[in-house]
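Worksheet: one structure, shown below.
Since every read-out is calculated from the coordinates, none of them should be taken as a lab result. All values reported here derive from a predicted model rather than from experimental measurement. Here the Cβ positions follow ideal geometry from the backbone for every residue, glycine too, while neighbour counts run over all protein chains shown.
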Amino acid sequence: MAENTNSNQADSFQKQKNKEEMQKQVISFVLMIVLTIIAFVVVATGVMDSMFAKFLILSLALVQVGFQLYYFMHMKDKDHDMPAAMMYGGIWAAILTLAALGVITWW
Amino acid sequence: MKGWMGKLRAFCLLGLTALVLSACGKENLTALDPKGYGADQSFNLIILSTVVMLFVLAVVMIVYTIVLIRYRKKKGREDYIPKQVEGNKTLETIWTIIPIILLLIIAVPTITATFDLADESAASDSLNVEVTGNQYWWHFNYEGQEVQTSQDLYIPVGEKVYLNMMSSDVIHSFWVPTIAGKMDVNPENENVMYIEAQDEGVYWGKCAEFCGPSHSLMDFKVVAVSQEEFDQWVDDMQNVDAEEEPADAVAQEGQSLFEENNCMSCHAIGSSPAQIGPNLTNFGDRSQLAGVEDLTKENLVDWIMDPEAIKPGNKMTGQYPDVSEDEASKIAEYLMQLQPSDVTPESADN
Amino acid sequence: MSIASAQKRGFGAVLWDYLTTVDHKKIAHLYLFGGGFFFLLGGLEAVAIRIQLIKPENDFVSAGFYNELLTMHGTTMIFLAAMPLLLGLMNAIMPLQIGARDVAFPFLNSLGFWLFLFGGLLLNCSWFLGGAPDAGWTAYAPLSVTSPGHGVDFYVMGLQIAGAGTLIGGINFLVTIVTMRAPGMTYMRMPLFSWTTFVTSVLILFAFPALTVGLFLLMFDRMFGSAFFDVGLGGNSIIWQHLFWIFGHPEVYILILPVFGIFSEIFATFSKKRLFGYTAMVFATILIAFFGFMVWAHHMFTVGLGPVANSIFALATMAIAVPTGIKIFNWLATMWGGNISIKTPMLWALGFIPTFTIGGMTGVMVATVVADYQYHDTYFVVAHFHYVIVGGTVFGIFAGLVYWWPKIFGRLLHEGMNKLTFWTFFIGFHLTFFIQHFLGLMGMPRRYWVFLEGQELDLGNLISTIGAFFMTFGVIVFLINAVYAAVKGEKVSADPWDGRTLEWITASPPVHYNFKQTPLVRGLDALWIEKTEGKGTPTPAEPLGDIHMPNSSFLPFMMSLGLFIAGFGFIYQVDYNWAYILLFGGMAVMLGSMLIRSVKDDHGYHIPKVELEREAD
Amino acid sequence: MSHDHSLNPETMPNEPEKATLEGKNKFYGLWFFLGGETVLFASLFGTFIALRDSTADGPTANELFGLELVFIMTILLLTSSLTSVYAMYHMKNNEFKKMQLWLGITAILGFSFLALEIYEFTHYIVDYDFTFRSSAFGSAFYTLVGFHGGHVTFGLAWLIAIMIRNAKRGLNLYNAPKFYTFSLYWHFIDVVWVFIFTVVYLMGKVG
Ligand code: HEA
Ligand code: HEA
Ligand SMILES: [Cu+2]
């Protein structure tokens, strides 16, 4: 078992598919970096009014997280319906929690 | 809206008289015999929702009884296999829709009343009292009046009084069942609620948020008096001279003992705002001692000697040197004579 | 190993077996014993509470001790009695119902149990170490932060550990249901108890993290001087209330949904009818769970959140009455036209309908904000939640125990004693709690150590206490019954109630691999279908072959023990430096065990086909 | 071991992480766990948001935070997410050595991130006297960011453990799910960080 060298290779068709997938992943990564840079630049330069800046950077974060979840973590794939369901459930509970703590703790 | 509610209430009352009468509770303590605006609002909803609920319960119980009588296993049919019914769209729709309608009947007046009781628009031209909850006593500061008092809250009858409530330690809750529902008293946010008593009298108040060992002993009173009496009371309270010496000698001794033992570092007499311990300006007029004991000299002596035995966990225990029974009795004499006004819980009760 | 050979083994061997077991059926036994033990403890605390309140200004217990009693009663009952008993029933039955040989993570399953047990023990150690927690089961800050002594610290550590166990259990059930259903067992063919197990686990998954965070904040404030709830440094105690109830309300549905499942099985079985409106029942369950997350602030109507928030939460709360009503009416419709036999499980189910309906009704009544200004924190609320928790969850646990006792232990309970338990408990229950509605409205707040003389609260409290004695009697009869069954109980066949679902095709109690061959499921009520349209038992979905089984392991016990020790370390490092030894030592035991687990491959073992053939039915 | 064959089949399936029931279970188990983690972090974020202005006369977010450091940390962590994708890519192609290499890079990036975070915290404590006990804001800040840091630490320990444990024996159906679930966990840490740098640092700067 330990000396197992596993020379068996995935077939070439699969390899090609994996490669295409990987290219998409790299593109998402580049986009994520770009979004990050935009967010930092907006804040560092202070070009925007603070309400708008907050809105913008939050939206950028959401898009970025979408990339992570759907591409890097494959939530877009067909066989991920249960994981997706549980993530949506978690996100739903998360939104409620955030709304409560953010809005109705001080009055 | 009101008229409709009123009629409904009258109707429901008929049905529920037996129920309510049989278990009404103590006057001016129970929530079932409301004598204030807020308590009225709550009571209307209690009655309305009870009636709707009794209706639902009746439906459930009728079906239940029929089922149990008709479909119990019978002799000779032990092995009967009933038809395996999957469901019935119509029926299922019916028992989805009807509850929704019933709930709406409750929901609409609920929301109306909720907004009504949260209305702060009249606050600026009403009497405002700053309420502070403390382990285990209540402090009342009449805003803009230079009147401070503890444990007994005097209000004019038939007037909206706004309470601006904060806690100095843990969370408490201000509850006078017969006049109004409760409202929490938090340490970080001020809560505003208004109360309005419809009849003169002394109403029992209780702390309703778990606040420590003596939570069950953190009672207070709301003393509702006529507007004239109230003005009189405010006047009397404003004219208290904290330095004034009592008339008889024992009480005078009591006063100096009171000062020697540093009681004033926590308590206050007059309108100064010290709030570590209750304000004692009208102590002799109080309805009760420590919120729960009869206000007698003997009880007061016991309290001064060992407050822990009466209210476990209170903040007075251990704050002053031991006093002898004799000293305690002199201090008690002094305190019992702090009776600045003729307007008292007793006078309000009659 | 068959039961017979198990009985021949010595006590030590049996003990070791249970300490290391990863078999879901044995873990179920452990949960039932652990939960049962804590139920008695919580019950004892309840009886002490009731004795204190038997007359005005009683001094049976001191104020401080009363607060400890009521806190531990609530905490113990909810976290250490009701939930573990339900998890025990789920463990025992759900894998059988979906035709699985095991759960997805047998090792984690056992870890979940030991964490619960050690968490519960840690919490209860507080009794002997300077006093139990005394800030209520809700532990509202700042009272819980300022509470002197270590009581609340034990609350924090105990619940944290037990809560981790519950979370693990929840994930385990979820994955089991997703990946291990027998062929043909589609989601919409799952028995309702399995469905409610699934939905309950979802609730556990999303609700417990909020409690975890809340407990961490409380722990940091108490043990490490942070300022989350310290108003002086800008803290805010309302955060605790939100976090607690974001967990707390889903928690009450965690307590009720499984018993909805149990009753659904019982009504169908004892009416000899298919569950009416199965699809609606499933969706109602999901809806309740969904709404369950949007209503928590109904515990906070008097906090001062403002009329808008209060109205929204009131509406959401009332909405839950609709799916719950669907369930009640579907159960009635299941019985309608049936051939009802009233054995004890059915008796509990029949007792549940009116009781829970009343509890639900008072639930809707407390949801009407302005009326709740009166009800809140009074005995009306105490009455409400005991009607749903005792009249729902506890009745359901009793029903489930009586119903599945043959499957779990292979013996029948004595029917006469069963009935005696039911009637005394049922009557005692209503005596205790019905009157409390009125006590609340007559001005009796909850968590009151004493009520005063002359407030017309005496009679009600006396009746209430007498009721509690009836309940005690019922519980004691049940205990005797359990012992009686173990010693003299009648051994039973695989299917004593003429059941409808797959657990009844396994032996009573089931062999440790559950099914020799995984059954093929052809529809809802898989067994019933075979009884009425087939050969009487499902066709196997696979040829007889080797069965893969997990190995037993002592590591879950060690990991939990490590945390248990570390818990003391956390609590006492505030006062003593030596406590760091416990803290780091305990953590080392836990992490070391984790490391061993991850480094040592554990592929399990196989039961060879020949052996299975030998163990003929 | 008798299962060697079943775990080392002639040709690796396309998704080795989900080829066995145990693998599938791990896959779902970890995903569901992440669903719960979402609520855990939401609770921490919510607490932070409620207390972000409660500085009690101590330093405020705007005074404390410097964007350069956070930017570097962000890039490190984002990149480590990509490198773990590369590792999974090689896992699917059954190229064990390359997978290990990319995992190694992931670990290095992770450690660098952690080092910077520790530096950041000491900086605040030493230079600003801003601690866990300074104010409610301080408590909330260290708790939220610290919980994330704790997750990173745990992830690194996990990664190192499975890398060493499997270094000699190569990829098989028994350990593929372990690598895969680790990568999921690691991505999730990144998801959380995206919100941290946005909500805590950037929004702290904006005010
Ligand atoms: C098993 C546990 C359980 C269950 C199932 C419920 C169910 C419900 N609960 Fe309860 N509740 C608790 C346990 C539970 N509760 C606990 C422990 C507390 C106190 C915690 C503490 O403070 O310590 C509490 C407190 C509590 C409060 C806070 C009270 C206060 O502190 O002031 C509220 C307020 O809205 C509430 C509401 C409800 C509602 C609306 C339901 C609904 O789900 C009920 C729905 C059911 C029905 C309505 C009956 C059947 C329906 C029909 C027959 C259809 C037709 C009906 C209508 C049209 C109305 N509950
Ligand atoms: C699952 C939850 C659950 C269950 C089952 C119960 C069951 C009972 N509860 Fe309790 N209760 C709560 C959850 C529960 N409760 C919660 C959450 C609170 C709020 C706490 C707080 O405010 O923080 C509360 C509060 C509470 C109060 C209010 C205290 C106060 O506010 O001051 C009261 C008072 O009557 C009470 C009574 C009872 C009674 C009589 C029972 C009975 O049904 C108990 C029946 C069981 C028995 C009677 C056991 C009998 C067994 C023995 C006596 C042992 C014999 C031993 C051997 C032979 C070894 N409970
Ligand atoms: Cu609730």
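Have a look at C:Thr179, C:Thr197 and point out the one that is in contact with a Phe, Trp or Tyr (Cβ under 8 Å, 6 or more places away or on another chain), within 12 Å of another protein chain (Cβ to nearest Cβ) and in contact (Cβ under 8 Å) with a residue 60 or more places away in the chain.
C:Thr179
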Residue that is farthest from the other protein chains (Cβ to nearest Cβ), among those in the range C:501-533 that are of a type in the set (Gly, Ala, Ser) and closer than 20 Å to C:Glu615 by Cα: C:Ala507
Residue list for the range C:103-153, filter: within 21 Å of C:Phe224 (Cβ to Cβ) and assigned to a helix (DSSP H, G or I): C:Gly119, C:Leu122, C:Leu123, C:Ser126, C:Leu143, C:Ser144, C:Val145, C:Thr146, C:Gly151, C:Val152, C:Asp153
Within the range C:205-229, tally of residues that are over 19 Å from C:Tyr155 (Cα atoms) and more than 7 Å from chain D (Cβ to nearest Cβ): 0
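Let's see how each residue does on (1) of a type in the set (A, V, I, L, M, F, W, C); (2) touching a strand residue (DSSP E or B) at 6+ places or on another chain (Cβ under 6 Å); (3) more than 9 Å from chain C (Cβ to nearest Cβ); (4) over 18 Å from C:Phe329 (Cα atoms):
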residue	(1), (2), (3), (4)
B:Ser49	no, no, no, yes
B:Met61	yes, no, no, no
B:Val67	yes, no, no, no
B:Lys74	no, no, no, yes
B:Glu78	no, no, no, yes
B:Pro82	no, no, no, yes
B:Glu92	no, no, no, no
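Are there any strands (runs of 3 or more DSSP E) wholly within the range B:174-266 with 1 or more residues that are within 14 Å of chain C (Cβ to nearest Cβ) and in contact with a His (Cβ under 8 Å, 6 or more places away or on another chain), and if so which?
Details: elements: B:180-185, B:191-195, B:201-207, B:220-225.
By residue number, B:180-185, B:201-207.
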Any chance C:Ala284 is over 24 Å from C:Met77 (Cα atoms) and either within 13 Å of ligand 3 (Cβ to nearest atom) or more than 14 Å from chain D (Cβ to nearest Cβ) (or both): yes
Filtered residue count, the range B:279-320, keeping only those that are of a type in the set (D, E, K, R) and either over 21 Å from B:Gln337 (Cβ atoms) or over 23 Å from the mean Cα position of the chain (by Cα) (or both): 7
Close pairs (9 angstrom Cβ cut-off, 6 or more residues apart or separate chains): facing chain A (nearest Cβ under 10 Å) in the range D:19-43, of a type in the set (S, T, N, Q) and buried (at least 24 other Cβ atoms within 10 Å of the Cβ) anywhere: D:Phe32/C:Ser201; D:Val39/A:Thr97; D:Ala42/A:Thr97; D:Ser43/A:Thr97
Long-range neighbours under 6 Å by Cβ, at least six apart or interchain, first residue more than 7 Å from every other protein chain (Cβ to nearest Cβ) and farther than 15 Å from B:Asn186 by Cα within the range C:296-325, second of a type in the set (Ser, Thr, Tyr) and part of a helix (DSSP H, G or I): C:His298/C:Thr317
The range B:319-350, residues that are in contact with a helix residue (DSSP H, G or I) (Cβ under 8 Å, 6 or more places away or on another chain) and part of a loop (DSSP other than H, G, I, E, B): B:Tyr320, B:Val323, B:Gln337, B:Leu338, B:Gln339, B:Pro340, B:Ser341, B:Asp342, B:Val343, B:Thr344
C:Ile262 within 13 Å of ligand 3 (Cβ to nearest atom) and away from chain B (no Cβ under 13 Å): no
Which numbered condition B:Leu153 misses (of (1) in contact with a helix residue (DSSP H, G or I) (Cβ under 9 Å, 6 or more places away or on another chain); (2) assigned to a strand (DSSP E or B)): (1)
Residue within the range C:23-38 that is over 22 Å from the mean Cα position of the chain (by Cα) and either in a helix (DSSP H, G or I) or away from ligand 2 (no atom under 16 Å from the Cβ) (or both) present: no
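Could you tell me which residue of the range C:142-158 is nearest to ligand 2 (Cβ to nearest atom), considering only residues that are of a type in the set (A, V, I, L, M) and more than 8 Å from every other protein chain (Cβ to nearest Cβ)?
Applying the filter and picking the extreme gives C:Val152.
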Sole residue being within 12 Å of ligand 1 (Cβ to nearest atom) and more than 14 Å from chain B (Cβ to nearest Cβ), chosen from C:Gly440, C:Gly392: C:Gly392
Residue that is nearest to ligand 2 (Cβ to nearest atom) [pool: residues in the range C:257-279 that are within 17 Å of C:Phe329 (Cβ to Cβ) and surrounded by fewer than 24 Cβ atoms within 10 Å (Cβ to Cβ)]: C:Tyr278
Residue tally, condition within 16 Å of ligand 1 (Cβ to nearest atom) and among the charged types (D, E, K, R), over the range C:223-273: 1
Members of the range C:34-84 that are over 29 Å from C:Leu452 (Cβ atoms), within 16 Å of ligand 1 (Cβ to nearest atom), surrounded by 23 or more Cβ atoms within 10 Å (Cβ to Cβ) and among the hydrophobic types (A, V, I, L, M, F, W, C): C:Phe79, C:Leu80, C:Ala81, C:Ala82, C:Met83
